[in-house]
Amino acid sequence: MKQRIALLSLLVLLAMSMQAAQKSDTFTTPGGKTVTINHIKHASIHIEYEGKHIYIDPVGNLEPKTDFSMYPKANILLITHEHFDHYDALAIPKLCTPATGVYTNKTVNGMIHRGLILNNGDSITYADDIRIWAVPAYNTTEGREQFHPKGRDNGYILSLDGLRIYIAGDTEDIPEMDNLKDIDIAFLPCNQPYTMTIDQLVKTAKAIKPKVLFPYHFGDTPINQVLIKLNGSGISTRIRDYK
């Protein structure tokens, strides 16, 4: 048994080294349209859909640094909360135009003085085929509630022509996740003491049952354990460079 576990761990590590080098993944919506997810780093994500560019938590000054002036301008910008690894005041003007739809929590809105505040439970229809929901993201472990207090920060569900993408933000495995349905792609964080443990992430993934899971915001977490623990779950777990 120990030899089998060791072999599985080795195979997982080899797979991870190959997966992490992949910079984008392409999906097809129920209506046959193409969605490309470009993996930037940590919690920064760039999504392309029908000629539109959507950014989640673009941060340039976090190593490795990212020059967002070289990226396409944003049609939609989503920011989950104000921590330095999610909110970068210098990156925003490099991506935004006067026409960019900017959606944030109340705290970030008060810092950038533009866009629309989305509180937990709010939603907006950006276009007939693009809808955004703000969902709760917070800590529950005793002594860690101050990192992400309940009601302050957002996760987001993004529907693109019926393809539902859940970006959890900084959160633990909160009860509200039990209400998430029909998630096609999930981004779940795994980085203690600020977000989930490996076991919390695995529990959440099994409850939500996304078709595809991207662990992200994982720092130095031994993220290979997620692949091992979800082996045989039917969830396509993909490791990209979200350290």
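Picking from LEU180, LEU213, LEU201, which residue would you name as being closer than 20 Å to HIS148 by Cβ, touching a residue at least 24 places away in the same chain (Cβ under 8 Å), in contact with a helix residue (DSSP H, G or I) (Cβ under 7 Å, 6 or more places away or on another chain) and surrounded by 24 or more Cβ atoms within 10 Å (Cβ to Cβ)?
Working: LEU180 fails: surrounded by 24 or more Cβ atoms within 10 Å (Cβ to Cβ); LEU213 fails: closer than 20 Å to HIS148 by Cβ.
Every option except LEU201 fails the conditions.
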For region 121-142, how many residues are within 26 Å of ASN191 (Cβ to Cβ), open to solvent by less than 50 Å² (accessible area, probe 1.4 Å) and part of a loop (DSSP other than H, G, I, E, B)? 3
Where the second residue is open to solvent by 20 Å² or more (accessible area, probe 1.4 Å) and basic (Lys, Arg) and the first is over 11 Å from VAL59 (Cα atoms) and in contact (Cβ under 8 Å) with a residue 40 or more places away in the chain and lies in region 30-46, which pairs have Cβ atoms under 7 Å and are six or more apart or on separate chains? HIS39/LYS23
Candidate set: region 87-120, residues that are open to solvent by 10 Å² or more (accessible area, probe 1.4 Å) and in contact with a His (Cβ under 8 Å, 6 or more places away or on another chain); chosen: the one nearest to ASN75 (Cα to Cα): TYR87
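The values are calculated or read from the model by the stated rules, or taken from the named source; none is laboratory data. Model, not experiment: these values are computed from the prediction. Positions of Cβ are generated from backbone atoms using ideal geometry, with glycine treated the same way; all protein chains shown enter the neighbour counts. When the accessible area is computed, the model is the full protein with side chains, heavy atoms only, and any ligands, DNA or RNA have been set aside. Shrake-Rupley method; radii C 1.70, N 1.55, O 1.52, S 1.80 Å.
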